[in-house]
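What follows draws every value from the coordinates through simple rules; no lab data is involved. All values derive from a computational prediction rather than experimental measurement. Ideal geometry is used to build each Cβ from the backbone, glycine not excepted, and the neighbour counts take in all protein chains shown.
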Amino acid sequence: MPSMRVGVLPKNHRFVLEVLRESGLGRHRTVGEIFAESRRRRPGIGHTTIYRALDRLCEMDLVREVRVPGAAYSTYEPMGPPHAHFYCTGCGSIEDVDYRLPEGVLGSLAERHHVAITGETLTFDGRCKTCLEAPATI
Ligand SMILES: [Zn+2]
Ligand SMILES: [Zn+2]
C-alpha cells in the first residue's frame with residue numbers, strides 16, 4: 001500500500017507529498033506553485049529538492065504528472081481515481097472530468113493496432129464556466 005511506501009521516503013520528499021495532498025484532489029499545481037507553498041512553510045527548501053521529490057513521487061505512483069496539450073506547464077496532483085481533464089483555452093485552468101473510456105475499448109484498440117496500451121491520458125478543451133460567464137473582451 002502507498003502508505004507503507006511513504007515511510008521509506010526521505011523527509012523532504014514526504015513533505016512535498018504533504019503539500020500536494022493538502023491542496024486536495026482536483027487541484028493541479030505547477031512546480032512554481034508547489035515551490036512557493038513549500039518555501040512558505042520551509043524557507044530553506046531548494047528547487048532541486050522539489051524537482052527530485054516530484055520525480056520520485058511520480059515514479060512511486062503517489063503523484064501524477066498532468067501534461068495537457070496547449071498548457072504552458074506540467075501540473076501535479078496527488079494520485080486518485082482515474083479521470084480525464086478539461087483544459088480551458090481561455091484562462092488555462094485545468095479541471096478534473098469524471099470520465100474513463102468504457103471497459104474494453106483499450107483492449108480492442110490494442111488488438112486492432114497490434115500494440116500494448118499501458119496508459120491513457122484524456123484531455124478535453126474548451127472554455128470553463130468562469131470564462132463563459134465573463135463578458136467578452138476584445
Ligand atoms: Zn477559463
Ligand atoms: Zn486531475
Mean separation of Cα contacts under 8 Å (at least 6 apart) over the residue count of the chain, i.e. the relative contact order in percent, is 21 percent
Cysteines of the chain without any disulfide-compatible partner (other Cys Cβ under 4.7 Å) are CYS58, CYS91, CYS131
Dividing the surface of the Cα convex hull of the chain by four yields a projected area in nm² of 11.4 nm²
GLU59 neighbourhood, Cβ < 14 Å, K/R = +1, D/E = -1, net charge +1
So, relative contact order of region 81-138 in percent, Cα under 8 Å, 6 or more apart, is 44 percent
